[in-house]
Amino acid sequence: MKKVSKKRHQRTTGEKLLIIGSVFAVLLASFALWSAIKSVVPKQDIAQDVPSSMGGKGRLSLTSFDKELGRKMMDKDSDGKCDSCGMPVDMCIDTGQLQCNMDSKSTIGVLDSTHIHADWKIYINGKALDLSDKAHMERMKMNAPVSSFIHVDSGNKSPEKTGDVLHMHATGVPLWIFFESLRMKFDKNCLVLETGEKFCSNEQKTLKFYVNGIPNEEWENYVFKDGEKILISYGSEQQQELQEQVDSITDFGKNH
C-alpha cells in the first residue's frame, strides 16, 4: 500500500510540474509574439516631446509629411532604395533623414540635430496672419500635414502666442519646408495660403522678405539662424509701415 501511495504522489508531482511548465511555455510564447508584433507595427506619427519645464530634452519623430518628403528627396526613381547610398529608403527615413547624409550635397541634418528659434510675422495687406491653427502637436492629433523639422508650437507662456516663434529641429532646414508642410507656398513671386488664396506681386502690391530688418533675396530657400527676426509682408506699404511691421516682431525665441 505504501508503494502505491508513493507512486501516486510521484505522478501527482509530475503532473503539477508538467502543468507549470506548460503555463510557463505559453507565457514565454505570448511574450515573444508580443515583442515580434511590437517590432513590426509602425510607431504612431506623434511627437515624443518632453517639455523643457520638466528638464527634459525634446525628441520628435518624423510625421507622415516628413516621410513622404523624405521619399521624394531620397528616392526619385521610386525603386524603394536611396538614390545616393542604395540602402532601403525607409531605413534612411527611420534614422531621421530627409536627405541622405551619405550624399556630399546633403544640406539638411537628421531630426534633432539642433533646436533653434526665430521670431517672425507674416502680414497680408497690413494685417498679421493668424497661425494659431498651425501648431505642431495639434495638427498631428488631427492627422493634418505638419513637419517635425520646422514648425510653430502652442502651449507657450503668455503673452507669447502660437505662431510667434518658428522652431527648427535639424540643421539646414529651409523655409519652404515649413510652408509646404502646411500645404502653403512661399517664393519671391507669391504667398499661397492653405485655403488656396494667392497673394502675388503686381504693379500695385508686392511681396517682401526681410531678415533682421534687411531685405533678403533667398526667399523660400532661406535657413534662419538662432535669434533672428523674419518678416514676410504683402501689400502696398510705405517704408514707415514696413518699419512698424518689423518692430512688431516679438522676441520670445530667446525664452525657448
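Look at (1) under 25 Å from the mean Cα position of the chain (by Cα); (2) among the charged types (D, E, K, R); (3) surrounded by fewer than 18 Cβ atoms within 10 Å (Cβ to Cβ) and you find that Glu217 fails only one, number (1). Taking the numbered list (1) under 19 Å from Asp66 (Cα atoms); (2) modelled with pLDDT of 95 or more; (3) not small (Gly, Ala, Ser) in turn, Asp103 passes all entries but (2). Comparison of Ile214, Ile177, Ile230, Ile249 shows that the only residue that is on the phi < 0 side of the Ramachandran plot, free of Cβ contacts under 8 Å to residues at least 40 places away in the same chain and in the same structural domain as Trp120 (by TED's automatic domain parsing) is Ile214.
Summed over the stretch 90-111, residues that are under 13 Å from Leu60 (Cα atoms), surrounded by fewer than 16 Cβ atoms within 10 Å (Cβ to Cβ) and small (Gly, Ala, Ser) total 0. Selection of the stretch 59-84 for residues being surrounded by fewer than 17 Cβ atoms within 10 Å (Cβ to Cβ) and either modelled with pLDDT under 95 or within 11 Å of the chain's Cα centre (by Cα) (or both) yields Arg59, Ser64. Within the stretch 112-123, residues that are in contact (Cβ under 8 Å) with a residue 12 or more places away in the chain reach partners that are assigned to a strand (DSSP E or B) and of a type in the set (D, E, K, R) with beta carbons closer than 7 Å, at six or more positions or on different chains, in the pairs Asp112/Arg59; Ala118/Lys229; Asp119/Lys229; Trp120/Lys229.
The values are calculated or read from the model by the stated rules, or taken from the named source; none is laboratory data. Since the structure is predicted, the reported quantities are computational estimates derived from the model, not experimental observations. Cβ sites come from the backbone with ideal geometry, for glycine too, and all protein chains shown count toward neighbours.
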